[in-house]
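The values are calculated or read from the model by the stated rules, or taken from the named source; none is laboratory data. Bear in mind the structure is a predicted one, so any value in this text is a computation, not a measurement. Cβ: placed from backbone, ideal geometry, glycine included. Neighbour counts: every protein chain shown.
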Protein chains: 2
Amino acid sequence: MRVDATERDSNGDGVIGRLRGLFAPRSVALVGATDNSQWSVFTHANLRRYSPDVTVHLVHPHHQKVHGEPVHKSMSVIGESVDLAYVMVPTSAVIEVVEEIADVGTRNLVILTAGFEEAGPAGVEMATRLEKLSTSRDLTVLGPNGNGFINVAGGVAAYGLPIAPPLVGGPVGIVLQSGGLAAAVLSGAQVRGVGLSLMVSTGNEALISATDIMRYLIEDEDTKVVAAFLESIRHPEDFRDVAERALRAGKPIVALKAGRSEQGARTALAHTGALAGDDRMIDAAFRQLGVVRVNSLEELLATAGYLGYHPEVKGRRIAAVTPSGGACDLLADRAWSEGLELPEFPAATLTALTEFLPPFSNPHNPLDVTGYVVVDPRLSFEAMRIVAKEAAGNYDMILYATSFPRIAPKDLKPIVDRLDALASARQRIPVPLLLQTSVVSDLPAYAQELFAQRGLYLLNGIELGTRAIGHGARYHERRDRCLAAGSPVSISPAAPLQVPPGAEGVWTEHRARALLEAHGIPMAPAALATSAAEAAELAASYAQPVAMKIASDQVAHKSDIGGVRLEVEPAEAATAFSELAAALAEHRPGSLLAGVLVGPMRREGIELLVGVVTDPDWGKVLSVGLGGIWVEVLDDVSLRLLPVDEVDVAEMLAELRSAALLKGVRGSTPAYIDRLCQVIARIAGLAEGLGSALDTLEVNPLRVDGVDIEVLDALIVWKGGQL
Amino acid sequence: MRVDATERDSNGDGVIGRLRGLFAPRSVALVGATDNSQWSVFTHANLRRYSPDVTVHLVHPHHQKVHGEPVHKSMSVIGESVDLAYVMVPTSAVIEVVEEIADVGTRNLVILTAGFEEAGPAGVEMATRLEKLSTSRDLTVLGPNGNGFINVAGGVAAYGLPIAPPLVGGPVGIVLQSGGLAAAVLSGAQVRGVGLSLMVSTGNEALISATDIMRYLIEDEDTKVVAAFLESIRHPEDFRDVAERALRAGKPIVALKAGRSEQGARTALAHTGALAGDDRMIDAAFRQLGVVRVNSLEELLATAGYLGYHPEVKGRRIAAVTPSGGACDLLADRAWSEGLELPEFPAATLTALTEFLPPFSNPHNPLDVTGYVVVDPRLSFEAMRIVAKEAAGNYDMILYATSFPRIAPKDLKPIVDRLDALASARQRIPVPLLLQTSVVSDLPAYAQELFAQRGLYLLNGIELGTRAIGHGARYHERRDRCLAAGSPVSISPAAPLQVPPGAEGVWTEHRARALLEAHGIPMAPAALATSAAEAAELAASYAQPVAMKIASDQVAHKSDIGGVRLEVEPAEAATAFSELAAALAEHRPGSLLAGVLVGPMRREGIELLVGVVTDPDWGKVLSVGLGGIWVEVLDDVSLRLLPVDEVDVAEMLAELRSAALLKGVRGSTPAYIDRLCQVIARIAGLAEGLGSALDTLEVNPLRVDGVDIEVLDALIVWKGGQL
């Protein structure tokens, strides 16, 4: 739903209010109900089975009885008000049926029917009619070409694919831009014990988008974490707003975004070519916005489940208790790659464990209680209690490896007792207690309810479990940092700056210099000589070899036309001036020579590239990378949406694979990072402050030699300007 | 089992013959059987349930009846021959019991009892006694501290942990160096429909190692693929031999090797410090030996299952048929990151699909048959048949997305029909047919037998399924290449070279030059001047600035003491000689100046580092990386075991992140790669040919400037030499 700002800001009204109505009908009409369609069969069965308090009406113009129940010929003859129409009529009948639905006063619709936007020009035209109709009649429409939703918390399943029982409620709200995957994700959530609040499949998003659903889920009391499968982000600005709200609300968004394989590079840097593709942009935006990006459906479910059931876990320090040395090894490997820590047990714990465990054990963290657990099944649990005693302040969580028989034993009591003991221990021990299996497998049906009743959750497998914990740690760090900075996205935007006179087209170095300098960005000394004599005089004043560069509004890439001369001795400066003027005349006849920039030669230091471009979707984006061959050979850049502050910039620099260069190699001076971050943040701030008037600001290179940090060249492209 | 060469080569005898006997007993004695131990309960139950043709005897000195059966007081009173003793007596009784077992003529043992190598000095002493005893009495012992084995193909489960039914036979042989994980892996295999030939948990490997088991599995007819969980590779030489056999036999080894987090860098390069850690060494060795390295237990099972059930798939071209656009997107992403291809359908296929599918479909590869499959469940299958028609020559496999209800429907017939149709289609279509689900979940119990009966396998989830296909493609490429090269590990070893006289200690540049030159390795020109006058004369002969370097047996790192002078004008060469001699006297008093190497200055080109070191486990290892700051900042090196050929070297260069530098950046000359590979392979060949006499050979740098490739400096450390 293309919401306007008013709607966005008035939580409870606008899109959120509409969706609240959509998802909580007390009466539903299945329009187009027929025994001939499996969709109808499934939707009807779901409404009957999982929507106990909902009145269900079947509507079909010709059938007398469908799914064993009487049928209304049309919406108008139902004779009572209907909160939601679930539409599965043929494509050609949709418009007419929607009008009829609007006429009887029903405002909420799910349209399952396909054949709109995805189906060529005729479908697109139909989609436009549907959109107009919905807007003019003030309808809230989910779809078309969508399976609908399952409101688990509210007890409404208006959903067109089969739902295997049990349907367990829980903290995870799911939105998917794929109806087909909805079935797989629902099933995956069920078998992994991931309880759901609401699941929505958005279909073509003619009116309601995945972002709208996410906005709703963040406000929804039953939802603690949002899991999303996204094929495209239709309204990045909206997405950004939603992500900021989520961060503020402390409800993580976990997103699987397809499209990594799309190699289209759209965010091109002015000078060095295409550095950032869409996917990299999304990576950067998600990281910055605290959106947890995952790579598979399995990781989506495992991470969302973990964050939903364990919002209390913060930090990276794990104490692990396992019944196997092999599990310990794998856990250590995975913890390491996730940046998690396994601090050694304190002396008191080690002593207690040595006393308690069999003599052939070798206690350390992660703990292998040994296979003796087969003889004494309480070994793990007691070891965990010993570890818990000294846990406060030493670890952020205890990870407890466990498993359950796949086939329900005849006597469930031992398992129930174990779960009760764990649930009770969880209350008493001073740090969060996480349960984990070694290998992903379905939570057996008999165990699902036992877990749900006790609010227990099982991290499924070492691989996904550890990755989920890593995601959680990074999420909380990101959130804490954003909240501390006073705003979810790092920092408040910079105050708008006055756009300078003549801000149009392209400003090459000699024009850009003054603007940067005025905003406190350190520039390498250089002055404009307008004659050979002036050049010689300037060069003499530096009393050292100089760099000389053509200054012309028409030449953005000076070296391409031999417009740069390095290591010019002062005595040769006049000649060089004339040669540069000649080069311009030769290669760009008709170009105007504003002069020649003359400045002292710089030789030492590392060169960085700092660029701000305007992405059509995400707005201003900052790129930072090592310049020269580093960026070309390694494609080593870090991206951020603006605004950024110095802490962001420090993170960007640390992300570079070539980061070690800044620390000084082979005797070179380490960069003064604080100062460097300040300068880069200032460049970003200038670009941001200039607002929509600025298209691109590129500093290339920014020279860094210890504390000596200065811009050697800069370029500005104003809105509408062309390089 | 520390097998000697004779045993290794006499397949059928030696270790393989021993293990054949161990895994196929017709009678088993459970020694230490007691109702008080769950181990005893489980082992007995497994023997009874899964070993129908095996006679089981229970042995305990005090009990009359155990597990409801009569008990023998000792091995000697059983009164008939026993093929295998499964020992679970207390640690202190093990030695005595093993002697008794040997006395009655039983030669095969599984020892479950713990408390040996892993349990401190007393345990180690006990382990030594056990090993000696076993050797002297010619016993074949699995363990101690191991759970035993499940010979699914042979119908013997001598295994100490519970086994949930059904236990389905199949192509995957598993060996684990962790008893605890064995249970998780077994369960994982069962629920994913990965049928097993044999599973072995090796315990402490006092006598039989995981490598021995792998050797056995490669010979075992029922095993088509070997899955291994490894904590350590105890005998790398043996492992290498086994891996070569596996490659020759076409039985992939899929290995999960723990220990990535161990940061110990052991394989240190002479000059640039520690570049390769153990784990990187293992990565390189595995890749080279065609061992498929995986990162999680889930990936281990998915990959081994896929390779076991689909040995016929080769190549990277996939045609995919799915019922969901979302699945297509994810598949495309994953295929891309695995280097798999999804070529567009040929025109005939596109036309046929457009005619067949609903009008709102948009057929391309990967194919979304649309949600209309709910209405017409045969949509996917028929679309697959259409795609199959033009498959020959266009794709290497068809990937068919499917799913099965978690809960068995009342009427199984439709599912049986589907599976029959798929099994039959598999025979008829011209390329392999792979089945895949979207999300990992257990193969429902009702489906496991249906799949097994038809030889069908389900790739479980897009993520792991696609990764498995990628592993398979890389495995086959590696295997083909090795077989084509005439030897599993790339190439035949180089012929031994004559070790030069005086091959001891360290040879610095002036000595190393001659040896390299004699073996056809191009050296930058340089000659040894022994006086200032001679240096001046040499420099003058080059008629250009020269580089001058101290030549002294005592100085390996010349620049550390100011022993290198660059850009010396011929006129200054005599002075430079004296200064270099003075620098040596000052910084290394007592060192002998052999002279000063004088050669023409080199400025252009890229510098590579080429080093061969001797790893204590893996033998000679070649490292190749970009020199200078590249290797320091990016830690960007590629490793290979020797021998290598030029194709290997080309692969190594391609693996470097900085590989693009060799292609020429910013107008620099692209390296003549063929020549470069030849030179590096020759360096490696020299190091290999010198055999155990050589410890380290380092060329740093190797200068590459287009076709101009030459060694600028070299260093040799002979066996026992110290830098």
Enumeration of residues in segment B:495-531 that are out of contact with any strand residue (DSSP E or B) (no Cβ under 9 Å at 6 or more places or on another chain) and either assigned by TED's automatic domain parsing to the domain that holds B:Gly611 or crowded, with 18+ Cβ neighbours inside 10 Å (or both): B:Leu497
In segment B:353-378, residue nearest to the other protein chains (Cβ to nearest Cβ) [restricted to those that are in a helix (DSSP H, G or I) and of a type in the set (Ser, Thr, Tyr)]: B:Tyr372
Helices (runs of 4 or more DSSP H) completely within segment B:570-682 that count 2 or more residues being among the hydroxyl-bearing types (Ser, Thr, Tyr) and surrounded by fewer than 18 Cβ atoms within 10 Å (Cβ to Cβ): B:573-587
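Here is a yes/no grid of residues against (1) under 19 Å from B:Val717 (Cβ atoms); (2) without any contact (Cβ under 8 Å) to a residue 24 or more places away in the chain:
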{"site": "B:Pro500", "(1), (2)": "yes, yes"}
{"site": "B:Glu509", "(1), (2)": "yes, no"}
{"site": "B:Ala524", "(1), (2)": "no, no"}
{"site": "B:Thr530", "(1), (2)": "no, no"}
{"site": "B:Ser541", "(1), (2)": "no, yes"}
{"site": "B:Pro545", "(1), (2)": "no, no"}
{"site": "B:Ala551", "(1), (2)": "yes, no"}
{"site": "B:Gly562", "(1), (2)": "no, no"}
Residue among B:Arg137, B:Arg49 that alone is among the basic types (Lys, Arg) and within 14 Å of another protein chain (Cβ to nearest Cβ): B:Arg49
Any hit, segment B:448-458, residues being in a loop (DSSP other than H, G, I, E, B), touching a residue at least 60 places away in the same chain (Cβ under 8 Å), farther than 20 Å from B:Pro643 by Cα and more than 34 Å from the chain's Cα centre (by Cα): no
Residue in segment A:345-359 that is polar (S, T, N, Q), on the phi > 0 side of the Ramachandran plot and surrounded by 18 or more Cβ atoms within 10 Å (Cβ to Cβ) present: no
Set B:Val54, B:Val59, B:Val77: member being at pLDDT 95 or above and surrounded by fewer than 13 Cβ atoms within 10 Å (Cβ to Cβ): B:Val77
Some residue of segment A:107-121 being at the interface with chain B (Cβ under 10 Å from one of its Cβ atoms), outside any helix (DSSP H, G or I) and basic (Lys, Arg): no
Residue in segment A:285-293 that is within 14 Å of chain B (Cβ to nearest Cβ) and either without any contact (Cβ under 8 Å) to a residue 24 or more places away in the chain or closer than 27 Å to A:Gly188 by Cβ (or both) present: yes
Criterion (hydrophobic (A, V, I, L, M, F, W, C), in contact with a Leu (Cβ under 8 Å, 6 or more places away or on another chain) and not in a helix (DSSP H, G or I)) met by exactly one of A:Leu516, A:Leu443: A:Leu443
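For (1) under 43 Å from the mean Cα position of the chain (by Cα); (2) more than 14 Å from chain B (Cβ to nearest Cβ); (3) more than 18 Å from A:Arg675 (Cβ to Cβ), each residue gets a yes or a no:
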residue	(1), (2), (3)
A:Val555	yes, yes, yes
A:Val568	no, yes, yes
A:Ala573	no, yes, yes
A:Phe577	no, yes, yes
A:Arg588	no, yes, yes
A:Gly605	yes, no, no
A:Val610	yes, yes, no
A:Val631	yes, no, yes
Unmet requirement for A:Val387, which otherwise passes all of (1) more than 35 Å from the chain's Cα centre (by Cα); (2) within 14 Å of chain B (Cβ to nearest Cβ); (3) buried (at least 18 other Cβ atoms within 10 Å of the Cβ): (2)
Selected residue [in contact (Cβ under 8 Å) with a residue 24 or more places away in the chain and in contact with a Ser or Thr (Cβ under 7 Å, 6 or more places away or on another chain)] from A:Glu382, A:Glu338: A:Glu338
Candidate set: segment A:372-384, residues that are β-branched (Val, Ile, Thr) and surrounded by fewer than 22 Cβ atoms within 10 Å (Cβ to Cβ); chosen: the one nearest to A:Thr402 (Cα to Cα): A:Val373
Segment A:260-292: number of residues that are at pLDDT 50 or above, outside any helix (DSSP H, G or I) and buried (at least 16 other Cβ atoms within 10 Å of the Cβ): 5
Pick from segment A:153-184, criterion within 21 Å of the chain's Cα centre (by Cα) and at pLDDT 95 or above, ranking: farthest from the other protein chains (Cβ to nearest Cβ): A:Pro171
Selected residue (criterion: farthest from B:Leu459 (Cα to Cα)) from residues of segment B:319-352 that are hydroxyl-bearing (Ser, Thr, Tyr) and more than 9 Å from chain A (Cβ to nearest Cβ): B:Thr351
Residue ID - surrounded by the fewest Cβ atoms within 10 Å (Cβ to Cβ), chosen from residues in segment A:36-51 that are farther than 22 Å from A:Ala114 by Cα and touching a residue at least 12 places away in the same chain (Cβ under 8 Å): A:Arg49
Unique residue being without any contact (Cβ under 8 Å) to a residue 60 or more places away in the chain and not acidic (Asp, Glu) when the list is A:Leu690, A:Leu656: A:Leu656
Per-region count, segment A:428-442, residues more than 10 Å from every other protein chain (Cβ to nearest Cβ) and under 29 Å from the mean Cα position of the chain (by Cα): 6
Residue match in segment A:34-42 (condition: at pLDDT 95 or above, assigned to a helix (DSSP H, G or I), among the β-branched types (Val, Ile, Thr) and assigned by TED's automatic domain parsing to the domain that holds A:Met88): yes
Matching residues, segment A:128-185, being part of a strand (DSSP E or B) and either surrounded by fewer than 24 Cβ atoms within 10 Å (Cβ to Cβ) or not aliphatic (A, V, I, L, M) (or both): A:Thr140, A:Gly148, A:Phe149, A:Asn151, A:Tyr159, A:Gly169, A:Gly170, A:Pro171, A:Gly173
Residue list for segment A:119-143, restricted to those being under 26 Å from the mean Cα position of the chain (by Cα) and either modelled with pLDDT of 95 or more or outside the structural domain of A:Leu196 (by TED's automatic domain parsing) (or both): A:Leu142
Residue match in segment B:347-355 (condition: within 30 Å of A:Gly120 (Cβ to Cβ), touching a residue at least 12 places away in the same chain (Cβ under 8 Å) and not aliphatic (A, V, I, L, M)): yes
